[in-house]
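Data first, discussion second: the structure below is written as structure tokens.
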Amino acid sequence: MARLVRWYGSGPLHLLVLIASFALTGYALVRLFAVQPWEVAIWFVGAAVLHDLILLPLYSLADLSALSVLRHQAADASDRPTVRWINHLRVPAILSGLLLLVWFPLILRLAGPYPGDTGLSDSVYLGRWLAITGVLFAASAVAFAARLRRVRRPGDDESRSAAGPGTAL
């Protein structure tokens, strides 16, 4: 067992789950290629090009911009307790972007057959996506405020300052 962990880098359960996921993916690919081989190949190439050449640089730049802008504000307030805040921006942005990626034909009114299938007008999807995005960021802000309030309790100042900077939640 120790030899497997040294060779593979993780336990046997991880290896088993990885093999099962590759088997399931292979099965799905065989089934999809049997029905529409060119469409699936074009979709895979297009998705790889879109993600690797366009989306990855864009969201990496957005993340670095948010970090650099807000890092300057954190340097000014070095005497206050610190809370890791960047994930409170990343998580709702990623979830909102994922919803946009999945539902963009409906949100941007580019879908032809879908309104007939869903029974809804295509004018409702943009407003609903914006509302969901607003709720995601609001919930993240509430969670951040709760964490910040928990860190800044009056009786805990001595114990947190003794632990050193950057050790807070």
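Throughout, read-outs are computed from the coordinates displayed, never taken from laboratory work. All of these numbers come straight from a predicted model, not from anything done at the bench. Methodologically, a virtual Cβ is constructed for each residue, glycine included, from the backbone with ideal geometry; neighbour enumeration extends over all protein chains shown.
Summary of values
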{"item": "Extension gain (nm, one decimal) between Arg147 and Leu70, 0.36 nm per residue minus Cα-Cα", "result": "26.0 nm"}
{"item": "In nm, spacing of pseudo-spin labels at Arg90 and Leu110 (7 Å Cα→C-beta vector)", "result": "2.8"}
{"item": "Residues Ser96, Ser21 arranged by fewest to most Cβ contacts within 10 Å", "result": "Ser21, Ser96"}
